[in-house]
1. I'd like to know which of 978, 926, 949 lies farthest towards the positive end of the charge dipole of segment 920-1001, counting +1 on Cβ of Lys and Arg and -1 on Cβ of Asp and Glu.
2. Subtract the Cα-Cα distance of residue 89 and residue 761 from 0.36 nm times their separation in residues, and report this length gain in nm to one decimal.
3. When only Cα pairs under 8 Å and 6 or more residues apart are kept, what is the percent relative contact order across segment 345-451?
4. What ranking of 246, 353 emerges when the number of other C-beta atoms within 10 Å of each C-beta is taken as an exposure proxy, fewest first?
5. Which percent of the Cα-Cα distances in segment 726-969 go past 28 Å?
6. Does segment 799-880 classify as rounded, prolate or oblate by the C-alpha gyration tensor (a ≥ b ≥ c root eigenvalues; a/c under 1.5 gives rounded; else a/b over b/c gives prolate, otherwise oblate)?
7. What value, in deg cm²/dmol to 500, does the helix sum -39500 (n - 2.57) over DSSP H runs of n ≥ 4 give at 222 nm once divided by the residues of the chain?
8. How big is the charge dipole of segment 99-141 about its Cα centre, in debye rounded to the nearest 20, if each Lys and Arg gets +1 on its Cβ and each Asp and Glu gets -1 on its Cβ?
Amino acid sequence: MPFCRKGAKGWRMFMIVAEPKIAKQLSELKPLIVRESRELTAFRMIEQDVPGAYRPDFDDSGWRDFRVGDEWGGYDVTAWFRGIVEVPDGWSGEKVALQLRVGPRDGGESAAEALLYAGGEPLQGIDEHHEEAWLPPKLLAEGRFPIAIKAWSGVPNVPERRRFRTARLVRIDGSAERFYYMADTVLKAVDELAPEDLRRTRLLRLLDDSIRKLDWRQPQSNAFYESVGEALAFLSDGLAGLAETKEIRPKVIGVGHSHIDMAWLWRLSHTREKAARTFSTVLHLMSQYPEFRYLHTSPQLYRYLKEDYPELFAKVREKIASGEWEISGAMWVEPDTNVPNGESLIRHILLGKAFIRDEFGQETNLVRLPDVSGHTWALPQIVRKSGIERLLTSKTSRSSFNRFPYDTFVWRGIDGTELLTHFVTTPEEGGSCSTYNGSVDPRSVKGLWDEYRQKDVNEELLLPFGWGDGVGGPTKDMLEAGRALASIPGLPQFEFGKAEPFFDRLAKRLENAELPVWDGELYLESRRGTYTSHGWIKRANRKAETLYHHAEWFNVVADLLTGGDGYPAEALRKGWELLLLNQFHDILPGTSLRQVYEDAREHFREIADIGEKALDRAERALLGKLGLERDSVVVFNSLSWERRGVVELPLTEAVNGKTILGSDGSPARTQIVEEDGGELLLVEVEDVPAMGYAAYALVARPLPDVPSGSAEGDDRGGGRGDNELNVSRDSLENAFFRIRLNEQGQIESLYDKRARREVLAEDRPGNVLQTFEDRPLRFDAGDIDIDYREKMTEIGKLAEAVVEEEGPVRGVLRLVWTFGDSRIVQRLTVYRSVPRIDFRTEVDWREKRTLLKAAFPVDIRATRATYDIQFGAIERPTHWNTSGDRARFEVCAHKWADLSEGGYGVSLLNDCKYGYDVKDGVMRLTLIKSPVLPDETADQGRHTFTYSLYPHFGDWRYGQTPRAAYDLNVPLQAAVAGPGSGALPYAYSFVSVDADHVFVETVKQAEAGDCAIVRVYEAMQCRNGAVTLRFGQNIRKAAECNLVEEGEEQVEFAGAELTFPIRPYEIKTFKVWF
């Protein structure tokens, strides 16, 4: 069409018709990339996993014959296919590939996934994005070789049967393949450039001239393919010429990745296979594209690969050593960062860095969390104090109301620590958000730059590309496009590279730049349901974290005092690895399949078993060395302040008929209660040393034998006979509070006798159980939408109100409500000596898509509430003045939330819940969510939890709310010990702190095994120039290290004391030798 080049009208005509003409010819060229093909029709097949079935000499005579086109599979089926490939004469020097479609979608929501073996070696994964496998020349040279395919049908929503659609051997014309991908990329680039852009005009003209060199008279003839070669040479030369024209362009670094969820819509066992398939594909691509670089995080996944596919693991290790494969990210898995406690987040990095160092000899300076539901404000300090300087993430773009204002910025953490943070801005196909599963094409490369907002200080961006969630990662199409993009003008300059070098260059460029600072949490304005969904796993996680806190401290103390060396480091490490695995960002948040939680329950049973055995080992070691003159109750305190409280003991012969003497020698208050079909002895104890123990003597003075709450109404306690508790069907009273209930079992009056004031707002009852219809638009388990408030129903059908206990240690009123098919049993509990009101709750929940919350309208005027997070607290608004305020209609907190005015406040504590909302004086805790997707059984059945109201003078600091919350979550433990001739004293404190705002969070054996690790943090936003730790033994040596036990800095110590300064919310870690 040479006439179209003449005159303005002719040129416009060319511009109109050229693009569709080129697109059409490229669509016709694509199938012609294959010059010849041979169908593979016959296989042997078995529908089960068979070890060793990939071996060439494997005996498959017992398998059935299978023809391509036959059906296989179903729900979660593994099948093996074995066959022989005959290489046609003359093909051995050509580019040859296998094309396989083992199980297309066929109406399901996903395609089958498979691992292809050729000649007994894993070649690559086969999935809907990787249906072609290039065959290396050494295979072709054999002329005939066996193949084996390990296929998995998938879950969920798979077709009833899969159909094996295609198996063929193909000879590929290399020039046609390269020309197609190059021309296709140029055409897509043309589409991204503005009509008036001269570069667009030149690219389109070059592409049109290239296409016109194709000789279409006899497609598939030698002449045709010769013309393709000419077109390729013309286009390559033309692009090279255009690339020589200097222009100012930003740079995009493409790094391959494959976001493989440890579990989500598949189980962990499936993930192990997904890793093998994906990593095989990556290695195979690396053999074809030497410039290709790949990044993968999650040491746990590499551990699985080493266990399941050791030969494949060895190849990965070689690529890491050569620098082609980047292992980074630092953390054991990519965890949720909202729900795990601070120590767990540290252990992710501790174990992750150790694995990377031990297995690969590598260090990492980057945390990568692309898919988490928000980032805790504690993270900058945890990351930086673990020896890491950078964070790469992206999901914050999925906020539902407000776009986060920065893409490259300094994130200032809760303590003031600053962390260089970069967001990936690759536009999602068909959406308005950024994606971490990017592609390499002109749209993605240009869109990455167009969406980026720190262009004034940075001109180089990172593009992670590849299919995620187990569908294979990078593809040949992406790598071919990457090659073409290197020389296309008008777009950012593209090259393959790695993430950590990108950050090194970024940090250097920003040394003198004015980078924006974000001082606060990275709150995600979606996925708020992740704080609550699958309540059982939130409880199991909290209890496991507490158990391992006990077990580590107790074993350090036991070995120190007894001279032992039995610290169960290996067992505890295994338990930690399992716990961290289950903190993955789709397991702990409650957003996975039912089967994932079946596996998780087994894991948490094992986690608990390991922790309890470790705890029992330490207890037996220590009790056996105590120098007690008589039978005693030994009470253990794993917190760093002296405590008083209530301990529970089974009512055994060892304590029955005896009285327990308090620390002053007088009888301790006791109470016999019935619980879970047995009897317990409640004991009030005082003066339990910080992070230590105390023994309380048992003397032959009988306890009353009438259980508390008995029909006789006799004296229901022991020891001191006074009773300061009054409980009836509609009221409870102790020295601190007077509580009155209405007919629905709600609190209509809560009077604080100390402050002489009502706690609740006037005419508004408290402890109101509220239900809400919960039908989010997108993610049933992950989201709570703002309109959930529109349909609220109070649970007011009180079925029972029964006095169960009346003191002298505690009083209990049992309340029972019914709602729909559900039943809620709550034990409203007050104590003689504890200024806290507990709501000990058991629920048999049978509702679906229904939120359950507990509401307390309190008489407090405050525009901000304070919430417990890892290693500190955060303030958030209690109003909806701005869209940002409104977006925080549900927030995450750990053990407490507080609302305080000038001289008085109220804290709402919990022992395993994380979702709160506080607005206009109403404090609410989210108790149950009950989604139906992706797990139709989520939150159905039994729930056990406790929440507590803790009114106090002053604000949360003055009222010591953090301590009260720890007291609820970490109760005193007790055991009975007999007389002994050991040398250990009857009371001992391993360590105490002279500042009430500094807590010892962790005591453990050092990873090196040669000293104790003592980790503290400042809990109340106070600065202190001289905090002193007082130990139970003299210190031989002490040093400060980072959170993952690296480095040693001098610290001041003398005798048994260690002194140090601390900043607000700072974490400090010490190595201590005794």
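Read-outs throughout are calculated quantities, based only on the coordinates presented, and are distinct from any laboratory measurement. If you're wondering where the values come from, they're calculated on a predicted model, not measured in any experiment. Cβ: placed from backbone, ideal geometry, glycine included. Neighbour counts: every protein chain shown.
1. It is 978, whose Cα lies furthest towards the positive end.
2. Numbers: separation 672, 0.36 × 672 = 241.92 nm, distance 8.92 nm.
Full extension of this stretch gives 233.0 nm more.
3. Numbers: 158 pairs, mean separation 23.5, N = 107.
Here the relative contact order equals 22 percent.
4. Working: 246 6, 353 22.
With the sparsest Cβ surroundings first, the list reads 246, 353.
5. Details: 8596 of 29646 pairs.
Cα-Cα pairs of segment 726-969 separated by over 28 Å account for 29 percent.
6. Working: a/c = 2.33, a/b = 1.27, b/c = 1.84.
Oblate, because a/c is 1.5 or more while a/b does not exceed b/c.
7. Working: 18 runs with 270 residues, N = 1074.
Roughly -8000 deg cm²/dmol at 222 nm, from the helical runs in the chain.
8. Working: 3 positive and 8 negative charges, 48 e Å.
It comes to approximately 240 debye.
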